[in-house]
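Q: Quick one: structure below, then a few questions.
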Amino acid sequence: MNKSDAKKRIEELNEILSKASETYYNEDREIMSNFEYDKLYDELKSLEDEYDIHLPNSLTQNVGFKAAEFLPKVRHEKPMLSLDKTKDREVLKDFLSDKEGVLSYKLDGLTIVLTYEDGKFVKGVTRGNGEIGEDISNNIPAFTNVPLKISYKGHLVLRGEAIITYSDFNKINDEMSVGLEKYKNPRNLCSGSVRQLDPNITKKRNVKLVIFSLVEIGSSKKTKEESNANKTYENQLNFLDGLGFETVLHRKVTKNDILDAIDWFAKDVTTSDYPSDGLVLIYNDIEYGVSLGNTSKFPRNALAFKWQDETAETILRDIEWSPSRTGLINPVAIFDTVELEGTNVSRASLHNISIMEDLKLGIGDKIKVFKANMIIPQVEENLTKSNNFKIPSKCPVCGSKLVIKNNDGVKTLFCENQVCAIKNIKGFENLVSRNCMNIEGINIATIETFIEKGYISEYADLYKLSKHKKDILTLDGFGEKSYNNIIDAIDKSRDTECYRVINSLGILGIGAANAKILAKHFDDDINKLIKSNEEELKEINEIGPILAKSIVDYFANKKNLKIVNDLLAEININKKKKDNNLKLVDKIFVITGSLNNYSNRDELIKVIEDNGGKVSSSVSKNTNYLINNDTTSNSTKNKKAKELGIPIISESEFAKLL
């Protein structure tokens with residue numbers, strides 16, 4: 001390769017990687033595997049170094065992602081450099097030499113910079129591209145573990161990693177409503193959750209912030225407390241821990257015990273609830289670390305260690321095309337069972353057709369598989385590259401013709417048949433689930449059988465199964481006892497709660513949490529929800545314009561409306577009794593500005609709702625009060641309230657209402 005060809009390849013790699021990075025960070029979806037991304041990135045860096053070509057817009061010169069357009073951009077006072085990385089444990093040991101270091105988790109989330117003044121939180125900014133980030137100050141109070149007031153009264157700037165734990169991630173996916181694809185991983189979900197306009201979304205996804213660095217403390221004339229905190233990295237973390245912050249799990253190490261420490265973390269990460277993609281080693285002596293300076297991209301005081309993924313060679317036996325309730329047909333690699341990270345693995349998602357084409361897959365190929373970050377099975381490499389895989393032309397469920405869609409260069413396979421049985425099966429699976437009608441004893445296999453035999457086609461048919469008793473008793477696996485158990489469970493579900501019915505309908509974007517919000521707002525009267533309009537729905541706290549449109553569109557569909565009305569004819573919704581003695585019954589509040597008497601906005605919302613009131617996110621003619629301690633401000637909400645003649649009250653005036 002000559003220098004001209006190298007330059008073209010460098011430009012091509014930058015374009016490919018930039019697109020992948022932008023899609024990953026800004027759209028919360030993957031168009032290539034982590035392995036493929038790292039492989040191309042290493043190729044880019046190698047070519048740049050070999051041919052001494054360093055383009056100013058290269059990903060090796062610029063780190064992070066571009067700030068999204070809908071959040072204010074903020075320039076960091078100090079550039080945030082990335083860390084040089086290695087997968088070699090001995091490199092870490094050599095890096096440490098005769099110095100003392102601190103080894104900690106490299107958490108897999110989104111880096112955030114927090115600023116405190118006079119003991120109060122004042123600003124939160126994402127890392128962005130390292131120089132310019134996004135102002136997410138409005139979302140920080142929605143994090144589950146960030147103190148807004150601290151005992152230290154000086155200037156304080158620190159960095160941490162916003163994360164969603166695996167247990168919370170799994171819970172969120174379990175509560176996903178019909179019609180929505182499950183989230184791919186905690187990192188993607190966290191990135192999207194942190195950078196929301198509505199902090200309520202951040203709040204309900206249980207985003208945490210784990211602090212890993214103290215950037216600035218006090219002024220140039222340090223107090224004894226400040227100077228001590230800045231002597232060692234360990235002192236920094238202990239100081240921040242004492243202020244109430246959650247700090248990263250860490251261990252002090254020397255060259256004599258660092259390899260043992262790495263082994264300890266490698267074992268701990270397999271059961272940790274916190275997503276991690278490696279470790280960070282930093283010199284404990286801060287003054288020494290600072291004296292080393294930086295390269296153009298990396299600081300010299302720290303080094304990142306990425307887990308060396310355990311790989312195994314196996315034979316690809318089949319490609320399973322798994323249909324989803326949205327119509328997306330997902331390719332899944334089926335291979336001879338291998339052991340990875342202590343578990344047996346025989347399946348791995350291939351994500352989309354584009355990735356399959358890049359791997360040049362074919363049945364019988366020898367492939368290398370691994371667990372990304374020791375968790376998610378992936379195909380790393382195809383050693384045979386026969387490229388003989390075939391894309392199915394018909395849906396494996398309904399037999400309809402499949403179509404290949406190309407979205408920004410990413411090919412995916414879809415079934416566009418709106419009455420495809422898989423969509424019906426998944427709908428019934430959702431209907432009988434615990435957070436919906438809670439009908440025990442009916443699984444997917446039973447649903448498939450009942451649909452195939454023509455016993456059920458819409459939700460209300462489940463409540464009419466008794467007319468098929470004779471036929472059901474002739475089916476394999478069904479006797480008098482199993483039949484009676486199913487009928488008893490169905491009858492038990494007839495008396496139910498409003499939110500369960502709403503969650504059962506499969507309205508796009510509406511899961512258990514939002515179903516409860518809607519049920520409460522409409523006083524457990526589903527007919528009020530059916531007749532509602534977008535403007536009314538947008539006023540509900542946590543229901544934005546997209547969900548409002550989704551709800552209205554659902555009930556505007558005559559087929560959907562028939563399904564709902566037929567279901568309502570078979571069940572009884574128990575309404576919660578309203579306590580008219582509560583002080584704020586049917587009063588609608590909007591909250592804006594900073595609070596003095598409540599630790600955060602959620603605390604005030606709970607007080608309002610506990611006293612019978614409701615909270616909206618926007619001021620409208622239906623609003624009764626706007627709570628704002630600065631009643632004279634010229635904010636948009638204040639102006640709107642004044643235009644509509646809605647009282648603007650302070651916290652103390654609100655207290656009088658109680």
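The values are calculated or read from the model by the stated rules, or taken from the named source; none is laboratory data. What you are looking at is a predicted structure, and each value in this text was computed from that prediction instead of being measured. Reconstructed Cβ throughout: ideal geometry from the backbone, glycine too, with neighbour counts over all protein chains shown. Ligands, DNA and RNA are excluded from the accessible area calculation, which covers all protein heavy atoms including side chains. Shrake-Rupley method; radii C 1.70, N 1.55, O 1.52, S 1.80 Å.
Q: Just give me the residues in the range 2-16 being open to solvent by 90 Å² or more (accessible area, probe 1.4 Å) and in contact with a helix residue (DSSP H, G or I) (Cβ under 6 Å, 6 or more places away or on another chain), in sequence order.
A: K3
Q: Then there's this: How about the range 201-236: which of its residues are crowded, with 22+ Cβ neighbours inside 10 Å and part of a helix (DSSP H, G or I)?
A: Residues satisfying the conditions are T202, A229, Y233, Q236.
Q: Could you list, in sequence order, all residues of the range 612-631 that are open to solvent by 40 Å² or more (accessible area, probe 1.4 Å), modelled with pLDDT of 80 or more and assigned to a loop (DSSP other than H, G, I, E, B)?
A: Across the range 612-631, the qualifying residues are K621, N622, N624, N629, D630, T631.
Q: Just need a number here: residues in the range 397-411 that are under 26 Å from K366 (Cα atoms) and touching a residue at least 60 places away in the same chain (Cβ under 8 Å).
A: Residues meeting the conditions: 1.
Q: Would the range 290-297 turn up any residue that is within 32 Å of the chain's Cα centre (by Cα), closer than 30 Å to N230 by Cα and modelled with pLDDT under 90?
A: yes
Q: What are the pairs, 6+ residues apart or on separate chains, where a residue within the range 625-654 that is over 19 Å from I608 (Cα atoms) has its Cβ under 7 Å from a residue that is loosely packed, with under 13 Cβ neighbours inside 10 Å?
A: L644/K621
Q: Could you grab me the full set of residues in the range 296-321 that are of a type in the set (V, I, T) and over 24 Å from D108 (Cα atoms)?
A: T314, I315, I319
Q: Here's a follow-up. Name the residues in the range 373-398 that are over 30 Å from F305 (Cα atoms) and either modelled with pLDDT of 85 or more or of a type in the set (D, E) (or both), would you?
A: Once the filter is applied, which keeps residues that are over 30 Å from F305 (Cα atoms) and either modelled with pLDDT of 85 or more or of a type in the set (D, E) (or both), the range 373-398 yields T384, K385, S386, N387, N388, F389, K390, I391, P392, S393, K394, C395.
Q: Examine the range 532-544 for a residue that is modelled with pLDDT of 90 or more and closer than 20 Å to N611 by Cα, and state whether such a residue exists.
A: Within the range 532-544, none of the residues are modelled with pLDDT of 90 or more and closer than 20 Å to N611 by Cα.
Q: If Q61 satisfies all but one of (1) of a type in the set (S, T, N, Q); (2) at pLDDT below 75; (3) more than 27 Å from the chain's Cα centre (by Cα); (4) open to solvent by less than 70 Å² (accessible area, probe 1.4 Å), what's the number of the condition it fails?
A: (4)
Q: Please return the ranges of strands (runs of 3 or more DSSP E) entirely within the range 114-197 where 3 or more residues are open to solvent by less than 20 Å² (accessible area, probe 1.4 Å).
A: 120-126, 156-163
Q: Tell me yes or no: at least one residue of the range 352-365 is assigned to a strand (DSSP E or B) and more than 30 Å from the chain's Cα centre (by Cα). Outline the logic, then answer.
A: Applying the first criterion (assigned to a strand (DSSP E or B)) to the range 352-365 yields none.
No, the range 352-365 contains no residue that is assigned to a strand (DSSP E or B) and more than 30 Å from the chain's Cα centre (by Cα).
Q: Next up: Suppose the filter is surrounded by 21 or more Cβ atoms within 10 Å (Cβ to Cβ), modelled with pLDDT of 90 or more and in a helix (DSSP H, G or I); does L259 pass it?
A: Here the answer is no, as L259 does not meet what is asked.
Q: Turning to a different aspect of this structure: Can you work out which of the residues in the range 299-310 that are of a type outside the set (D, E, K, R) and open to solvent by 30 Å² or more (accessible area, probe 1.4 Å) is modelled with the highest pLDDT?
A: N301
Q: While we're here: Mind checking which residues of the range 414-468 are outside any loop (DSSP other than H, G, I, E, B), open to solvent by 30 Å² or more (accessible area, probe 1.4 Å), closer than 27 Å to I573 by Cβ and not acidic (D, E)?
A: K423, N424, K426, I444, I451, K464, S466, K467, H468
Q: Here are I517, I507: which of them is in contact with a strand residue (DSSP E or B) (Cβ under 8 Å, 6 or more places away or on another chain) and either under 17 Å from D586 (Cβ atoms) or open to solvent by less than 10 Å² (accessible area, probe 1.4 Å) (or both)?
A: I517
Q: Among the residues that make up the range 265-274, is at least one of them surrounded by fewer than 16 Cβ atoms within 10 Å (Cβ to Cβ), touching a residue at least 24 places away in the same chain (Cβ under 8 Å) and among the acidic types (D, E)?
A: Yes - at least one qualifying residue is present in the range 265-274.
Q: Also, quick follow-up: Output the qualifying pairs, or none if there are none: Cβ atoms under 7 angstrom, residues six or more apart or on different chains, first residue in the range 110-126 and within 14 Å of G244 (Cα to Cα) and touching a residue at least 12 places away in the same chain (Cβ under 8 Å), second residue among the polar types (S, T, N, Q) and exposed (fewer than 15 other Cβ atoms within 10 Å of the Cβ).
A: Going by the 7 Å Cβ cut-off, the qualifying pairs are G119/S151.
Q: From the list I439, I444, pick out the single residue that is modelled with pLDDT of 90 or more and among the aliphatic types (A, V, I, L, M).
A: Testing whether each residue is modelled with pLDDT of 90 or more and among the aliphatic types (A, V, I, L, M) leaves just I439.
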